[in-house]
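The values are calculated or read from the model by the stated rules, or taken from the named source; none is laboratory data. In this text the structure is predicted, and so the values were computed from the model without any measurement. Glycine also receives a Cβ, built like all others from the backbone with ideal geometry; neighbour counts cover every protein chain displayed. Each accessible area value is taken on the protein alone, full model and side chains, heavy atoms only, with ligands, DNA and RNA left out. Shrake-Rupley method; radii C 1.70, N 1.55, O 1.52, S 1.80 Å.
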Amino acid sequence: MSSVYDGIVCGAGPAGAVAALELARAGARVLLVEKRRLPRPKLCGGLLTWKAVRFLAEHLGVDAETLWQWGAFRGEARQYRVYMGETLLSGGDMPFAFNFVRRDAFDAGLAAMARDAGAEVRTGVRVTGCDARGGEVYLAGGETLSAACIIGADGVSSVVRRSLNCDRAAWRHNLGAGLEQLLPYGRFDRAVDAPEVHFGAVHAGYGWLFPVADGVLAGVCGLRRANSGGEFRQGFTDYLTRCGVRGAQDVTPRAHPLPYGNFLMEPAQGRAVLAGDAAGFVETIFGEGIYYALCSGRFAARAVLEGAGEPQVVAAAYQRRLEQTLFPELRYSRRLRRLVHAASSLGRTMGGALIVHALGEQRLVETVHGYRSFKWLRRREPV
C-alpha cells in the first residue's frame, strides 16, 4: 500500500500527542490532527498520580519545571479524604503527592513536543470520517488522507471508533457523564484543603473536590443510564449544597460524556487502533484517565513501528502490551468499583468502611498512585 503517511493520529490530547511524538522520534512520517485550536479547554480534573508523573519524566523528559514553563502546573496535594455519603472512609497523608495540571496548557505542551520532533500538526481541522480497512481519513472540506496506520485518540465521541465494528450497545451501557465547574474558595462555607472524593454523590457515581491554585474543581461523574439529564443536573446541585457551596443552584457546570468502565478489549481493527478515551481507557474508581492515555498512546505508536504497516502485526503487538499492563488494572478496578458502588447505593456506609478496612487504607492509596496493582493490590512497577 502506498501511503502519504506512516501514521495519522486523530486527536491531540495526551494519547494522541504522545503517539505522534513517539512516531516522529522514530523517524516516521506522522500527521497529528486536532479539531480545535490549541490550547483549548478540556473537562478534566487534571490529576497526575505518581505513576503519571513518573511516565512523563522517564519516557518524555517532562518534569515539574517543564510543566511550569508550559503554564500547566496547577498545584499539588499530599493529603486526601474519601467519603461514602457523609461518612469519612479514609483520609490522611500520602506517600506521593497528587499533582494537578491545566489541561489546555498540558495538552498544548505535549503537541508542541510532537511538532518539534518532526510531526506535522494540524489544528482546527475536523475529521469527518475514517476507512479503517483502507487506511483513509476524511477531513472537513473534502480532503482525503491515507496512512499505513490510523491512531484514533479523538476522545469519547471518537469518529475513528464509530468507523469500527464495535459493540455500540455495550459502549453506551457503561458510558458515563460528567459535570464540573471551577469555583472560587470563597463560595464554600468550609475549608477545602485536600482532594476529596464522595462516593454516592450521584446514582452509580461519585463526586470530587480538587483544591488547586485558582479555586476548587468540583464535579460529579456517574453512569448515564442511571442518571437522567435533569436528575443528574439536580444531583450536581445537591452535591455542591452538601459540600457547603453557597448559591449552588446558580452554578452552571460544563458537561461531557466520559468513559466509565466501557473500555474496549480489542481496540484495533483493520489499519486503525484506538487509544485513550476513544478506547475507554479510564480507571473506573477515581476516574483517572491521563496516565492511561499516555501509556496507550505510547503503546499504539510502538505497535505501529513494530508492525511496519502490517495491520495484523500492529494489532497483535498493541493487544499484547495492553494485556500485560493496562487491562489488568482496568478489569480489577472495575470489579472494586462495583463493590464500592453497591455499598453506596444501598446506603451501607458500614459496608464501605469494611471494604476499606479489609484492603487497607495505605495499600489503597499506593494502588491509586500505581505503586501497587488493582489486581490483588500487589506491588508493581508502573509502565
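Explain nothing, just the number: relative contact order of the range 140-243, from Cα pairs under 8 Å at least 6 residues apart, as a whole percent.
Working: 124 pairs, mean separation 24.8, N = 104.
Normalised by residue count, the contact order of the range 140-243 is 24 percent.
Taking the mean number of other Cβ atoms within 10 Å as a proxy for protection, how do you rank 16-24, 185-193 from highest to lowest? Walk me through the numbers on the way to the answer.
Numbers: 16-24: 30.3, 185-193: 12.9.
So the peptides 16-24, 185-193, ranked by packing, come out 16-24, 185-193.
By how many nm would the segment from ALA97 to ARG40 lengthen if fully extended, with 0.36 nm per residue of separation less the alpha-carbon distance? Let's see the in-between values first.
Numbers: separation 57, 0.36 × 57 = 20.52 nm, distance 2.64 nm.
The span from ALA97 to ARG40 would gain 17.9 nm if fully extended.
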* Report, to the nearest 10°, how far helix 290-307 tilts away from the longest principal axis of the Cα atoms in the chain, using its own Cα long axis and a range of 0 to 90°. => 20
* **Mean separation of Cα contacts under 8 Å, 6 or more apart, over the residue count of the chain: relative contact order %** => 20
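Treat every Asp and Glu Cβ in the chain as -1 and every Lys and Arg Cβ as +1, leave all other atoms uncharged, and give the resulting dipole magnitude about the Cα centre to the nearest 20 debye.
Details: 47 positive and 37 negative charges, 146 e Å.
Charge dipole of the chain: 700 debye, to the nearest 20.
Quick one: of the DSSP bridges fully inside the chain, what percent are antiparallel, nearest 5?
Details: 49 of 69 bridges.
Roughly 70 percent of the DSSP beta bridges within the chain come out antiparallel.
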* To do: Over all directions, average the projected area of the Cα convex hull of the range 127-195 and note it in nm².
  => 8.4
* Of all accessible heavy-atom area on the chain, the percent that carbon and sulfur account for (1.4 Å) -> 50
* Starting from the Cα gyration tensor of the range 103-243, take the square roots of the eigenvalues, sort them a ≥ b ≥ c, and report rounded, prolate or oblate (rounded when a/c is under 1.5, otherwise prolate if a/b is larger than b/c, else oblate). => oblate
* **Packing-based order for 144-157, 50-63, using average beta carbon neighbours within 10 Å, highest first** => 144-157, 50-63
* Compute the relative contact order of the range 175-296 as a whole-number percentage, counting only Cα pairs closer than 8 Å that sit 6 or more residues apart in sequence. => 26
* lysines near LYS51 by alpha-carbon distance under 27 Å, same-chain residues fewer than 8 away left out - which ones? -> LYS42, LYS375
* **Alpha carbon centroid spacing (whole Å) that separates the range 261-324 from the range 78-131** => 17
* Structure fact -> Between the Cα axis of helix 14-25 and the main Cα principal axis of the chain, the angle (0 to 90°, nearest 10) is 30
* To do: Label the range 1-141 by shape, choosing from rounded, prolate and oblate, from the square roots a ≥ b ≥ c of the eigenvalues of the Cα gyration tensor; if a/c is under 1.5 it is rounded, and otherwise prolate applies when a/b is larger than b/c, oblate when it is not.
  => prolate
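Rounded to the nearest 500 deg cm²/dmol, what is the calculated helix-only ellipticity per residue at 222 nm for the chain, with -39500 (n - 2.57) per DSSP H run of length n ≥ 4?
Working: 12 runs with 135 residues, N = 383.
After summing the helix terms and dividing by the residues of the chain, the value is -10500 deg cm²/dmol.
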* **Inter-centroid distance (Cα atoms) of the range 1-66 relative to the range 208-237, Å** => 27
* Structure fact -> Protection proxy (average C-beta count within 10 Å per residue), highest first, orders 255-261, 361-367 as 255-261, 361-367
